[in-house]
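Below is one structure, written out as C-alpha coordinates; comments come after it.
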(Lines give C-alpha, C1' and ligand atoms only; values in the text may rest on other atoms or scores of the structure.)
Protein backbone atom coordinates (compact mmCIF):
# COMPACT_ATOMS: atom_id res chain seq x y z
CA UNK A 1 0.00 0.00 0.00
CA UNK A 2 1.36 3.39 -0.89
CA UNK A 3 1.71 6.24 1.58
CA UNK A 4 -1.09 8.24 -0.07
CA UNK A 5 -3.58 5.41 0.39
CA UNK A 6 -2.65 5.06 4.05
CA UNK A 7 -2.93 8.82 4.55
CA UNK A 8 -6.30 8.88 2.79
CA UNK A 9 -7.64 6.05 4.99
CA UNK A 10 -6.35 7.80 8.10
CA UNK A 11 -8.07 11.06 7.11
CA UNK A 12 -11.33 9.23 6.42
CA UNK A 13 -11.12 7.49 9.80
CA UNK A 14 -10.37 10.76 11.61
CA UNK A 15 -13.21 12.53 9.79
CA UNK A 16 -15.71 9.82 10.68
CA UNK A 17 -14.52 9.91 14.31
CA UNK A 18 -14.94 13.70 14.38
CA UNK A 19 -18.46 13.52 12.91
CA UNK A 20 -19.46 10.73 15.30
CA UNK A 21 -18.20 12.70 18.29
CA UNK A 22 -19.80 16.02 17.34
CA UNK A 23 -23.11 14.55 16.12
CA UNK A 24 -23.40 12.85 19.52
CA UNK A 25 -23.98 16.24 21.17
CA UNK A 26 -26.99 16.84 18.92
CA UNK A 27 -28.28 13.32 19.51
CA UNK A 28 -28.01 13.74 23.27
CA UNK A 29 -29.68 17.15 23.20
CA UNK A 30 -32.58 15.96 21.05
CA UNK A 31 -33.03 12.74 23.03
CA UNK A 32 -33.12 14.69 26.32
CA UNK A 33 -35.62 17.13 24.80
CA UNK A 34 -37.85 14.34 23.45
CA UNK A 35 -37.69 12.41 26.72
CA UNK A 36 -38.53 15.40 28.93
CA UNK A 37 -41.22 16.52 26.50
CA UNK A 38 -42.90 13.11 26.74
CA UNK A 39 -42.55 12.94 30.53
CA UNK A 40 -43.84 16.48 31.15
CA UNK A 41 -46.77 16.11 28.80
CA UNK A 42 -47.63 12.63 30.11
CA UNK A 43 -47.74 13.79 33.73
CA UNK A 44 -49.38 17.10 32.73
CA UNK A 45 -52.20 15.41 30.78
CA UNK A 46 -51.44 17.49 27.69
CA UNK A 47 -52.65 16.81 24.17
CA UNK A 48 -50.35 15.24 21.61
CA UNK A 49 -49.81 17.65 18.72
CA UNK A 50 -47.67 18.01 15.60
CA UNK A 51 -44.78 19.52 17.57
CA UNK A 52 -44.61 16.46 19.81
CA UNK A 53 -44.63 14.21 16.76
CA UNK A 54 -41.75 16.17 15.20
CA UNK A 55 -39.67 16.11 18.38
CA UNK A 56 -40.00 12.34 18.77
CA UNK A 57 -39.35 11.83 15.05
CA UNK A 58 -36.25 14.03 15.13
CA UNK A 59 -34.93 12.00 18.07
CA UNK A 60 -35.48 8.84 16.04
CA UNK A 61 -33.74 10.26 12.96
CA UNK A 62 -30.71 11.64 14.82
CA UNK A 63 -30.27 8.34 16.68
CA UNK A 64 -30.35 6.35 13.44
CA UNK A 65 -27.87 8.67 11.75
CA UNK A 66 -25.55 8.32 14.74
CA UNK A 67 -25.90 4.53 14.54
CA UNK A 68 -24.91 4.56 10.86
CA UNK A 69 -21.92 6.80 11.56
CA UNK A 70 -20.96 4.53 14.45
CA UNK A 71 -21.12 1.43 12.26
CA UNK A 72 -18.90 3.12 9.67
CA UNK A 73 -16.51 4.14 12.44
CA UNK A 74 -16.44 0.64 13.89
CA UNK A 75 -15.26 -0.80 10.60
CA UNK A 76 -12.89 2.04 9.66
CA UNK A 77 -11.16 1.75 13.05
CA UNK A 78 -10.61 -1.94 12.24
CA UNK A 79 -11.22 -3.25 15.71
CA UNK A 80 -10.94 -6.77 14.34
CA UNK A 81 -7.19 -6.35 13.93
CA UNK A 82 -7.02 -4.87 17.44
CA UNK A 83 -8.74 -7.98 18.77
CA UNK A 84 -6.23 -10.11 16.91
CA UNK A 85 -3.26 -8.05 18.15
CA UNK A 86 -4.20 -8.33 21.83
CA UNK A 87 -4.64 -12.08 21.60
CA UNK A 88 -8.33 -12.61 20.91
CA UNK A 89 -11.68 -11.85 22.48
CA UNK A 90 -10.67 -13.37 25.81
CA UNK A 91 -8.02 -10.69 26.24
CA UNK A 92 -10.39 -7.95 25.10
CA UNK A 93 -12.90 -9.04 27.72
CA UNK A 94 -10.22 -8.89 30.44
CA UNK A 95 -9.27 -5.30 29.50
CA UNK A 96 -12.03 -2.95 30.72
CA UNK A 97 -11.05 -0.10 28.38
CA UNK A 98 -11.02 -2.24 25.26
CA UNK A 99 -14.14 -4.12 26.35
CA UNK A 100 -16.07 -0.87 26.77
CA UNK A 101 -14.84 0.56 23.46
CA UNK A 102 -15.21 -2.54 21.29
CA UNK A 103 -18.10 -4.41 22.90
CA UNK A 104 -20.13 -2.55 25.51
CA UNK A 105 -20.46 0.91 23.90
CA UNK A 106 -21.62 -0.33 20.48
CA UNK A 107 -23.95 -2.94 22.00
CA UNK A 108 -25.56 -0.49 24.43
CA UNK A 109 -26.02 2.14 21.74
CA UNK A 110 -27.69 -0.38 19.44
CA UNK A 111 -30.05 -1.21 22.30
CA UNK A 112 -30.74 2.52 22.80
CA UNK A 113 -31.54 2.97 19.10
CA UNK A 114 -33.80 -0.08 19.24
CA UNK A 115 -35.64 1.34 22.28
CA UNK A 116 -36.22 4.67 20.53
CA UNK A 117 -37.41 2.87 17.40
CA UNK A 118 -39.79 0.62 19.33
CA UNK A 119 -41.16 3.52 21.35
CA UNK A 120 -41.68 5.64 18.27
CA UNK A 121 -43.34 2.78 16.36
CA UNK A 122 -45.65 1.83 19.23
CA UNK A 123 -46.73 5.40 19.96
CA UNK A 124 -48.04 5.82 16.40
CA UNK A 125 -50.56 3.02 16.95
CA UNK A 126 -52.20 4.73 19.90
CA UNK A 127 -55.15 7.00 19.24
CA UNK A 128 -55.16 9.19 22.34
CA UNK A 129 -52.52 11.45 23.84
CA UNK A 130 -51.95 9.82 27.24
CA UNK A 131 -50.91 6.39 25.86
CA UNK A 132 -48.77 8.05 23.19
CA UNK A 133 -46.82 10.06 25.75
CA UNK A 134 -46.62 7.06 28.09
CA UNK A 135 -44.95 4.88 25.46
CA UNK A 136 -42.59 7.64 24.37
CA UNK A 137 -41.73 8.45 27.99
CA UNK A 138 -40.94 4.83 28.89
CA UNK A 139 -38.91 3.89 25.83
CA UNK A 140 -37.12 7.21 25.41
CA UNK A 141 -36.21 7.33 29.12
CA UNK A 142 -34.73 3.83 28.93
CA UNK A 143 -32.82 4.80 25.79
CA UNK A 144 -31.55 7.99 27.41
CA UNK A 145 -30.37 6.09 30.48
CA UNK A 146 -28.56 3.62 28.23
CA UNK A 147 -26.91 6.42 26.24
CA UNK A 148 -25.87 8.37 29.33
CA UNK A 149 -24.37 5.27 30.90
CA UNK A 150 -22.33 4.34 27.83
CA UNK A 151 -21.08 7.73 26.68
CA UNK A 152 -17.27 7.71 26.93
CA UNK A 153 -17.25 10.78 29.19
CA UNK A 154 -13.45 10.76 29.48
CA UNK A 155 -13.24 11.38 25.71
CA UNK A 156 -15.90 14.10 25.74
CA UNK A 157 -14.28 16.45 28.24
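The values are calculated or read from the model by the stated rules, or taken from the named source; none is laboratory data. Quantities reported herein were computed from a predicted structural model and do not represent experimental measurements. Note: ideal-geometry Cβ built from the backbone for every residue, glycine included; neighbour counts use all protein chains shown.
Numbers below:
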{"item": "Filter result for residue 98 (assigned to a helix (DSSP H, G or I), in contact with a helix residue (DSSP H, G or I) (Cβ under 8 Å, 6 or more places away or on another chain) and under 22 Å from residue 10 (Cα atoms))", "result": "yes"}
{"item": "Conditions (1) part of a helix (DSSP H, G or I); (2) surrounded by 15 or more Cβ atoms within 10 Å (Cβ to Cβ): number failed by residue 126", "result": "(1)"}
{"item": "Qualifying residue in the range 83-102 (condition: buried (at least 17 other Cβ atoms within 10 Å of the Cβ) and either within 14 Å of the chain's Cα centre (by Cα) or within 23 Å of residue 28 (Cβ to Cβ) (or both))", "result": "yes"}
{"item": "Yes/no for residue 131 being out of contact with any helix residue (DSSP H, G or I) (no Cβ under 7 Å at 6 or more places or on another chain), surrounded by fewer than 20 Cβ atoms within 10 Å (Cβ to Cβ) and either without any contact (Cβ under 8 Å) to a residue 40 or more places away in the chain or under 18 Å from residue 79 (Cβ atoms) (or both)", "result": "yes"}
{"item": "Residue that is in contact with a helix residue (DSSP H, G or I) (Cβ under 6 Å, 6 or more places away or on another chain) and farther than 23 Å from residue 10 by Cα, where the choices are 79, 139, 149", "result": "139"}
{"item": "Candidates 9, 57, 33, 39, filtered to the one that is at pLDDT below 85, assigned to a helix (DSSP H, G or I) and surrounded by 13 or more Cβ atoms within 10 Å (Cβ to Cβ)", "result": "9"}
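Every residue, every condition in (1) more than 22 Å from residue 23 (Cβ to Cβ); (2) without any contact (Cβ under 8 Å) to a residue 12 or more places away in the chain, yes or no:
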| residue | (1), (2) |
| --- | --- |
| 69 | no, no |
| 86 | yes, no |
| 105 | no, no |
| 125 | yes, yes |
